[in-house]
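Below is one structure, written out as structure tokens, with a few remarks after it.
The values are calculated or read from the model by the stated rules, or taken from the named source; none is laboratory data. These figures come from a predicted structure and were not determined experimentally. Cβ coordinates were reconstructed from backbone atoms using ideal geometry, including for glycine residues, and neighbour counts include every protein chain displayed.
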Amino acid sequence: MLQKKIFSIAASLLVTINPFLGQAQPAPILRVNVAQPIADIQPTMWGVFFEDINFGADGGIYAEMVKNRSFEFFKPLMGWKVEGSKRTEGDILVQNRQDKQTSNPRYVRITANNASQGGLSLTNEGFRGMGIKSGLRYDFSVLCRVQSGNAKLHVDLLNAKDEVIGSGILTPEQTDKGWHKQQVSFKSTAGEQKGKLRVWFEGTGVVDLDMISLFPEDTWKGRPGGMRADMIQMLADMKPGFVRFPGGCIVEGYDLDQRYQWKKTLGPAEDRQLIINRWNFEFGHRPAPDYFQTFGLGFLEYFQLCEDIGAEPLPILNCGMACQFNTAELVPMDQLDPYVQDAVDLIEFANGDVSTKWGKVRADLGHPKPFNLKFLGVGNENWGPQYIERLAVFQKVIKDKYPAMRLVCSSGTDPNGERFDFLNGKLRDMKADLIDEHYYRRPEWFLQNASRYDSYPRKGSKVFAGEWAAQSDKTVSVDNKNNWQCALSEAAFMTGLERNAAVVNMASYAPLFAHADGWQWTPDLIWVDNLRVYGTPNYYVQKLYSINKGTNVLNLTQENSPLAGQDSLYASAAWDKATNEVILKVANVSNKAQVRIIQLDGVKKLAANGKLTLLKNNVLDAVNSFENATNVSPVEQQIAVDVKKKALSLTLAPRSFSVVRVKVLP
């Protein structure tokens, strides 16, 4: 008892001597100057990068379910299986009309002789199977030409056990028109992740078939032959400022014969000439011998997608250079004109009046209204004096005719080094509109480079952070994961992009989509299989920035300095003039909670409550999955505001990204 009294007296004396003993130190203050915005944030600040990699187009957002529908793969029957108990040699033959139709020369000729169920059939495996939904309508179509007889086509959807879960019947019509399209629709009776399509023949006759196709009815906006709705919805939910398309490395091609040519992606699907996808063979550790580009998803569809989701289109065109990692093939300067003309024609296609040549083409394809194209990329990841020489020609011709067009120019493959320094210097001398910087690096790099653009010139060329993603292992590693550590480091880095919106006008994570059974590159923003889709932690970071963009950068400081790594915190602030709100973004990459007082200077009155959106996980290796799609996902809650002090106390959870919105009242 005596010891307890002595201890109590001693403790009282200590408190008397030092009244602050035992009390928490006052939280550091983050000051936000609301009254004086320091830069505009472009509507295009946060966008998405699309490339047909990881089965992102065919087998991805392009909802066609039949692989090799026109028999144009190097192996004409790849993806198809000829079956039947009564088939004989020559019953199914691949024909070639190369001299008459170079864009789609092959088709199959079926010879049925008193055929019946089980006797003669073609079965398509789809893109790593076909995702079939129970009770959904499926639209089957085919180009056909009857040579003789009256054979019928039975169309069956099969489950993984080869059981029929939906069927229809189509009788090819004999007509003087030759090739013609016929279709039949039917509903499935069950769902299946790894389904197949079987076409079997009944009766006697000879019939030619091409463009054997199957689409679900629930495409994006219900468009026949359209896009996979759940994947596009993921993009629409992000409200991106732009969509960059069609890549990426497929713009360059392994060689120039395999480059992307936008004019060949217009018109009827059967007239769009298939080519090999360079990701078919690019990586020996992830070969995809069945990966081709059918261009069912072409430039009109890309522009339409941008219009649908309210994003600016950003097409990238070949500049007369193939991939420099592969062939480094060049078009001689005296033969560059067709490439430049393609760029000029594309602008007219997108923006021209219907009285112009390419504006009329657009109108004839069903879109008389111009797309109001503002941006155009010349080359992708090209480098060296050869690129600068070719870019100069593009720049002069395009700017002479379309001076308001903003050109995106390549700074190569890396964000530093001799190659980057050369290009960055030359492009700034050329007064390039936007310099496209790429960085695939470890999470540590993103933390260390949150201040990368603090020292960039405010005037002159702007930056497009066109391709980037934190790599949990290393670039081009099959072990890369879309884990929380990578996403959190990206969130921290993006505070630096937003803080420097006077320099950085556009940014996009890459790649965008990946099929779980057919990917070539990881990490990726959104993962899909034949029926499901989920966003990674990185997706939620990108989405939070995009839907909380704001219109102006606000000055945010701690002890008169930007918060860019002090105490493992990274922060930026923006003003949204549309809603009269202050938007704060703070990443805490440490493993401990931290408290900050947010002092909002230059405001008269604040709403009593703000909104906090919190993205966090204590496990750095945490990931999302098909089974647990929201393992790392945002949670919203109210946060109290001290209206008298015009401040709020913000407790930053360990390993978290916080977005706060506070309304300023008149």
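Filter the stretch 194-232 down to residues that are surrounded by fewer than 16 Cβ atoms within 10 Å (Cβ to Cβ), part of a strand (DSSP E or B) and within 31 Å of the chain's Cα centre (by Cα), then give me how many there are.
0
Quick check on the stretch 529-544: of everything there that is touching an Asp or Glu at 6+ places or on another chain (Cβ under 9 Å) and hydrophobic (A, V, I, L, M, F, W, C), which residue is nearest to Ser625 (Cα to Cα)?
Val533
Taking the criterion of being within 29 Å of Thr413 (Cα to Cα) and not assigned by TED's automatic domain parsing to the domain that holds Trp468, would at least one residue in the stretch 589-604 satisfy it?
Yes, there is a match, as at least one residue in the stretch 589-604 is within 29 Å of Thr413 (Cα to Cα) and not assigned by TED's automatic domain parsing to the domain that holds Trp468.
Which residue, of Ala112, Ala63, is closer than 25 Å to Glu173 by Cα, touching a strand residue (DSSP E or B) at 6+ places or on another chain (Cβ under 8 Å) and of a type outside the set (Lys, Arg)?
Residue meeting the stated conditions: Ala112.
Look at the stretch 309-342 and say how many of its residues are closer than 20 Å to Gly267 by Cβ and of a type in the set (A, V, I, L, M).
1
Exactly one condition in (1) touching a Lys or Arg at 6+ places or on another chain (Cβ under 6 Å); (2) surrounded by fewer than 20 Cβ atoms within 10 Å (Cβ to Cβ) is false for Gly253; which is it?
Exception for Gly253: condition (2).
Please state which one of Ala432, Ala343 is hydrophobic (A, V, I, L, M, F, W, C) and more than 15 Å from Leu317 (Cα to Cα).
Ala432
With the structure loaded, tell me whether Ala328 is more than 25 Å from Gly253 (Cβ to Cβ), free of Cβ contacts under 8 Å to residues at least 12 places away in the same chain and hydrophobic (A, V, I, L, M, F, W, C) or whether it fails that test.
Spelling it out, it is not the case that Ala328 is more than 25 Å from Gly253 (Cβ to Cβ), free of Cβ contacts under 8 Å to residues at least 12 places away in the same chain and hydrophobic (A, V, I, L, M, F, W, C).
From Asp436, Asp454, Asp414, grab the single residue that is in contact with a Gly (Cβ under 6 Å, 6 or more places away or on another chain) and in contact (Cβ under 8 Å) with a residue 24 or more places away in the chain.
One residue alone meets the criteria, Asp436.
From the list Met130, Met78, which residue is out of contact with any strand residue (DSSP E or B) (no Cβ under 7 Å at 6 or more places or on another chain) and touching a residue at least 60 places away in the same chain (Cβ under 8 Å)?
The conditions single out Met78.
Only one residue in Ser568, Ser658, Ser625 is outside the structural domain of Asn482 (by TED's automatic domain parsing), out of contact with any Asp or Glu (no Cβ under 7 Å at 6 or more places or on another chain), within 23 Å of Asp237 (Cα to Cα) and surrounded by 17 or more Cβ atoms within 10 Å (Cβ to Cβ), so which one is that?
Ser658
Of a type in the set (S, T, N, Q) and surrounded by fewer than 24 Cβ atoms within 10 Å (Cβ to Cβ) - does that describe any residue in the stretch 506-518?
Within the stretch 506-518, none of the residues are of a type in the set (S, T, N, Q) and surrounded by fewer than 24 Cβ atoms within 10 Å (Cβ to Cβ).
For the stretch 598-656, which residues satisfy the criterion of being among the basic types (Lys, Arg) and over 37 Å from the mean Cα position of the chain (by Cα)?
Passing the criteria: Lys604, Lys605, Lys644, Lys645, Lys646.
Going through the stretch 636-647 one residue at a time, which ones are closer than 13 Å to Val664 by Cα and touching a residue at least 24 places away in the same chain (Cβ under 8 Å)?
Listed by number, the residues that qualify are Val641, Val643, Lys646, Ala647.
Please tell me if Lys462 is charged (D, E, K, R) and over 14 Å from Val504 (Cβ atoms).
no
Please specify each residue of the stretch 283-307 satisfying the condition of being modelled with pLDDT of 95 or more and either farther than 28 Å from Ile347 by Cβ or outside any helix (DSSP H, G or I) (or both).
Hits for the stretch 283-307 are Ala288, Pro289, Asp290, Tyr291, Phe292, Gln293, Thr294, Phe295, Gly296, Leu297, Gly298.
Looking only at residues in the stretch 417-433 that are of a type in the set (D, E, K, R) and without any contact (Cβ under 8 Å) to a residue 24 or more places away in the chain, which one is farthest from Ser472 (Cα to Cα)?
Asp429
Here are Gly84, Gly118: which of them is touching a Gly at 6+ places or on another chain (Cβ under 9 Å), more than 30 Å from Ala229 (Cβ to Cβ) and surrounded by 13 or more Cβ atoms within 10 Å (Cβ to Cβ)?
Gly84
Looking at (1) surrounded by fewer than 22 Cβ atoms within 10 Å (Cβ to Cβ); (2) over 20 Å from Gly466 (Cα atoms), which is the only condition Ile547 fails?
All conditions are met except number (2).
Specify the residue that is surrounded by the most Cβ atoms within 10 Å (Cβ to Cβ); the eligible residues are those in the stretch 129-165 that are in a loop (DSSP other than H, G, I, E, B) and among the hydrophobic types (A, V, I, L, M, F, W, C).
Ala151
Of the conditions (1) closer than 30 Å to Ser656 by Cβ; (2) in a loop (DSSP other than H, G, I, E, B), Ala432 clears all except one; give me its number.
Against the list (1) closer than 30 Å to Ser656 by Cβ; (2) in a loop (DSSP other than H, G, I, E, B), Ala432 comes up short only on (1).
Got a sec? Which of Ser167, Ser148 is touching a residue at least 24 places away in the same chain (Cβ under 8 Å) and of a type in the set (S, T, N, Q)?
None of the other options fit; the residue is Ser148.
Identify, from the list Val463, Val478, the residue that is farther than 26 Å from Ser590 by Cβ and outside any loop (DSSP other than H, G, I, E, B).
Val463
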